[in-house]
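The values are calculated or read from the model by the stated rules, or taken from the named source; none is laboratory data. These numbers were taken from a predicted model, which means no experiment stands behind them. Ideal geometry is used to build each Cβ from the backbone, glycine not excepted, and the neighbour counts take in all protein chains shown. Accessible surface areas use protein heavy atoms only, side chains included; no ligands, DNA or RNA. Shrake-Rupley method; radii C 1.70, N 1.55, O 1.52, S 1.80 Å.
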Amino acid sequence: MPSLILDLDQTLIDTSSAQNFRKPGGWQTVYGLIPNFIVYDGIADIFQYIKDRKIKVCIVTTSPSTYCGRVLSHWSIPFDHMICYHYGKRTKPDPEGFLMAIERLGDDPNNILSLGDRAIDIQASKAVNVKSIGCLWGSAEKQLVINAKPDYLAETAQEALTIIKSKM
């Protein structure tokens with residue numbers, strides 16, 4: 001059964017309004033900003049396709065689990081598993097989180113696609129032989145993503161959906 005590994009921030013949701021509060025640890029302020037985040041155009045279509053096809057999803061993020069859980073809950077984003085900042089000893093680009101995701105999804109890496117907006121997402125995918133879609137729509141490092149040589153590039157979430165449909 002096909003599965004997806006998805007990054008959260010700047011891939012599914014524009015969380016850039018909270019960026020300046022995250023680094024100094026202003027998490028209470030960040031939590032208050034969650035309702036102001038924006039789900040990118042086309043993401044709802046991806047999740048409808050996932051739901052219709054019963055595709056399993058693991059969110060792999062460098063964000064803490066409390067934050068991740070609150071964002072996913074607030075925006076009603078469906079997922080089967082999540083791997084967050086404190087779940088392992090190392091974060092992306094180290095493949096540890098992706099290895100945990102593969103195990104939890106119970107799927108062969110050849111049946112998994114990953115979506116991410118940063119070069120570290122692409123690097124972690126490559127390390128575990130998971131095909132990657134470089135998501136440029138929310139990326140603050142578009143050239144680094146391109147240079148990381150993902151298997152596919154998508155300028156919009158609709159382009160990513162077209163790629164997902166062709167592979168799953």
Filter region 141-152 for residues that are under 20 Å from VAL57 (Cα atoms) and either open to solvent by 40 Å² or more (accessible area, probe 1.4 Å) or modelled with pLDDT under 95 (or both) and give the result. ASP151, TYR152
When LYS167 is evaluated against the numbered criteria (1) within 12 Å of LEU4 (Cβ to Cβ); (2) open to solvent by less than 10 Å² (accessible area, probe 1.4 Å), which criterion, by number, is the only one it fails? (2)
Condition first: open to solvent by 50 Å² or more (accessible area, probe 1.4 Å) and assigned to a helix (DSSP H, G or I). Now tell me which residues in region 17-31 satisfy that. SER17, GLN19, ASN20, PHE21, TRP27, GLN28, THR29
Are any residues in region 127-139 closer than 16 Å to THR62 by Cβ and part of a loop (DSSP other than H, G, I, E, B), and if so, which ones? GLY138, SER139
I need a count of the residues in region 1-16 that are open to solvent by 20 Å² or more (accessible area, probe 1.4 Å) and of a type in the set (Ser, Thr, Tyr). 1
Run PRO78 past the list (1) of a type outside the set (Gly, Ala, Ser); (2) open to solvent by 40 Å² or more (accessible area, probe 1.4 Å); (3) closer than 20 Å to ARG22 by Cα and report the number of the one that doesn't hold. (3)
Consider only pairs whose beta carbons are under 8 Å apart and that are at least six residues apart or on different chains; among these, list those whose first residue lies in region 43-55 and is farther than 20 Å from ALA101 by Cα and whose second residue is open to solvent by 70 Å² or more (accessible area, probe 1.4 Å) and part of a helix (DSSP H, G or I). ASP45/GLN158; TYR49/LYS165
Under 6 Å between Cβ atoms, at least 6 apart or on separate chains: pull out the pairs that start in region 74-92 with a residue that is part of a helix (DSSP H, G or I) and end on any residue that is among the hydrophobic types (A, V, I, L, M, F, W, C). HIS74/ILE34
Candidate set from region 33-55 (those that are among the charged types (D, E, K, R) and surrounded by 11 or more Cβ atoms within 10 Å (Cβ to Cβ)); member that is farthest from SER16 (Cα to Cα): ARG53
Go over the candidates ALA124, ALA101 one by one and state the one that is within 19 Å of SER63 (Cβ to Cβ) and touching a strand residue (DSSP E or B) at 6+ places or on another chain (Cβ under 7 Å). ALA101
Across region 48-69, what is the total count of residues that are part of a helix (DSSP H, G or I) and under 13 Å from the mean Cα position of the chain (by Cα)? 1
Kindly evaluate VAL130 against the criterion of being open to solvent by less than 40 Å² (accessible area, probe 1.4 Å) and within 22 Å of ARG53 (Cα to Cα). yes
